[in-house]
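Notes to accompany the following structure.
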There are 2 protein chains.
Amino acid sequence: MCQLLGMNCNTPTDIVFSFTGFANRAGKTGIHTDGFGIAFFEGKGLRLFVDSQPALTSPVAVLIKNYPIQSENVIAHIRKATVGEVRLENCHPFCRELWGRYWVFSHNGDLKNYAPRLHSHFRPVGSTDSELAFCWIMQELAKAHAGMPSIAELSNTLRELAQVVSRYGTFNFMLSNGVALWTHCTTSLFHLTRQFPFKSARLQDEDMAVDFSQLTTRDDRVALIATEPLTTDEPWEPYSTGELKVFMKGEYLVDI
Amino acid sequence: MCQLLGMNCNTPTDIVFSFTGFANRAGKTGIHTDGFGIAFFEGKGLRLFVDSQPALTSPVAVLIKNYPIQSENVIAHIRKATVGEVRLENCHPFCRELWGRYWVFSHNGDLKNYAPRLHSHFRPVGSTDSELAFCWIMQELAKAHAGMPSIAELSNTLRELAQVVSRYGTFNFMLSNGVALWTHCTTSLFHLTRQFPFKSARLQDEDMAVDFSQLTTRDDRVALIATEPLTTDEPWEPYSTGELKVFMKGEYLVDI
């Protein structure tokens, strides 16, 4: 199994604090040592870092912990290999381009006997069930919409597609195109919104606390989503099984 | 204009020495300060680092200079913006997936009045003529071949496509799928093969020399390709205008 971390904000924000705790689960407070990856959108642009070394010790993770990259949409993943060898091409997040936008995807869970028909042009490079599901989702999105639809339309399509894939097993996933962050829960996912009035927060996996009131403006809004809560003193809300939650500009879009 | 650096080897090799000199051209010995990028294939897997900061000072470039990533195919690019703003999505190299393989592309030069018809599914994310040309090449490759063809067939198709794009201006480019490295010259490109017996080499852009005989085995073979020679004491060979050279396992494939 693996763990997921996502962030969606209304203003470019760094993820150094959250990633520092999350990365400890790759060997210190967790067993997810089979590679990691993190994707940062900057507008339409994307930085995608992957490493087959553990996030706890990888030089790439050291960079991430020390270089406060400002982003409105982040997806990170630490891997415990189940399907697919420990190789770079099997590290999440995966990326494809559709409608002139990058799409980034990470998955936690196993899909059993999952062999969708890929008749379009999205093909997996590695050997994970996760990348296979991503390619199928991209194919079906491209079939369902001629060009980039609204976030509401995309969310409807993704909700249907998530249900189809979920028949094959555990399908906790995060997907972003740099505008919105879609998150789907089968077994475990929690979310949290940080907004005015900001408070301090203490990491679950590291002896570290931050007073966000010192680092923010009244208008900032940040949504965080993770497999397990990252802090001990904030109101993380669990997802229900089968829920797809959509975040945009740091806001959980309740009725979409 | 921009500068290109490529490496193709028969055994995974790091590019720390060459990149250190190359990165100096982003502000110290050259003016290519509008972002940079570097792509490393590890088998089918890919690491793609981009930054809109100069390679001379970017924290990502510091990582590249200190983390000896072993790769058989590398493409690096330092940018001097001409078409397209200084934004992350305009940083080379660009990446797309085709036939279950990542393809990575960097370009140096300007294309004038270049507006190819994109009727397939490869679309630019940024606003450079380079990414536009890349998308067109991927579209035409996908049209010309039903699945992954041989390196010889790919080279024939790419030679024809390069000629078409070259009508619009300067089209020095590098393209790799992790197996081969295709390089095309309009105005300036040089290549070099390092093989047994290895010697020492001194950088053009930094007071640094390496004795490769201490770091290699008899079987190692490394091809380096760059816009301008990177070392002062090695036999860099210039390309002719319109030449497409293909490298595989560190070898320049003469008759392909």
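The values are calculated or read from the model by the stated rules, or taken from the named source; none is laboratory data. All of these numbers come straight from a predicted model, not from anything done at the bench. Note: ideal-geometry Cβ built from the backbone for every residue, glycine included; neighbour counts use all protein chains shown. Please note that ligands, DNA and RNA were not included when accessible areas were found on the heavy atoms of the full protein model with its side chains. Shrake-Rupley method; radii C 1.70, N 1.55, O 1.52, S 1.80 Å.
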Across (1) touching a Lys or Arg at 6+ places or on another chain (Cβ under 9 Å); (2) modelled with pLDDT under 95; (3) within 12 Å of chain B (Cβ to nearest Cβ), A:GLY37 clears everything bar (2)
Qualifying residue in segment A:134-147 (condition: among the aliphatic types (A, V, I, L, M), at pLDDT below 95 and surrounded by fewer than 20 Cβ atoms within 10 Å (Cβ to Cβ)) = yes
Would you pick out the residues in segment A:218-228 that are buried (at least 19 other Cβ atoms within 10 Å of the Cβ) and not in a strand (DSSP E or B)?
-> A:THR227
Considering each of A:THR193, A:THR241, A:THR227 in turn, give the residue that is over 17 Å from A:THR170 (Cβ atoms) and at pLDDT 95 or above.
-> A:THR193
Do we have any residue at all in segment B:81-103 that's touching a helix residue (DSSP H, G or I) at 6+ places or on another chain (Cβ under 7 Å), open to solvent by 40 Å² or more (accessible area, probe 1.4 Å) and closer than 21 Å to B:ILE15 by Cα?
-> no
Complete set of residues in segment B:150-206 that are hydrophobic (A, V, I, L, M, F, W, C), free of Cβ contacts under 8 Å to residues at least 24 places away in the same chain and crowded, with 16+ Cβ neighbours inside 10 Å | B:PHE198
Every listed condition ((1) in contact with a Leu (Cβ under 8 Å, 6 or more places away or on another chain); (2) closer than 24 Å to B:VAL50 by Cβ) holds for B:GLY100 save (1)
Only one of these is touching a residue at least 12 places away in the same chain (Cβ under 8 Å), crowded, with 19+ Cβ neighbours inside 10 Å, in contact with a helix residue (DSSP H, G or I) (Cβ under 9 Å, 6 or more places away or on another chain) and among the β-branched types (Val, Ile, Thr): A:ILE75, A:ILE38. Name it.
-> A:ILE38
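Quick grid of which residues meet (1) more than 12 Å from chain A (Cβ to nearest Cβ); (2) under 30 Å from B:TRP99 (Cβ atoms); (3) basic (Lys, Arg):
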site	(1), (2), (3)
B:CYS9	yes, yes, no
B:ILE15	yes, yes, no
B:PHE19	yes, yes, no
B:PHE22	yes, no, no
B:HIS32	yes, no, no
B:PHE41	no, yes, no
B:LEU46	no, yes, no
B:SER52	no, no, no
B:LYS65	no, no, yes
Of the criteria (1) under 28 Å from B:SER52 (Cα atoms); (2) out of contact with any Cys (no Cβ under 8 Å at 6 or more places or on another chain); (3) open to solvent by less than 20 Å² (accessible area, probe 1.4 Å), which one A:THR57 fails | (3)
Restricted to segment B:109-133, and to residues that are crowded, with 21+ Cβ neighbours inside 10 Å and farther than 22 Å from A:LYS44 by Cα, which residue is nearest to the other protein chains (Cβ to nearest Cβ)?
-> B:LEU111
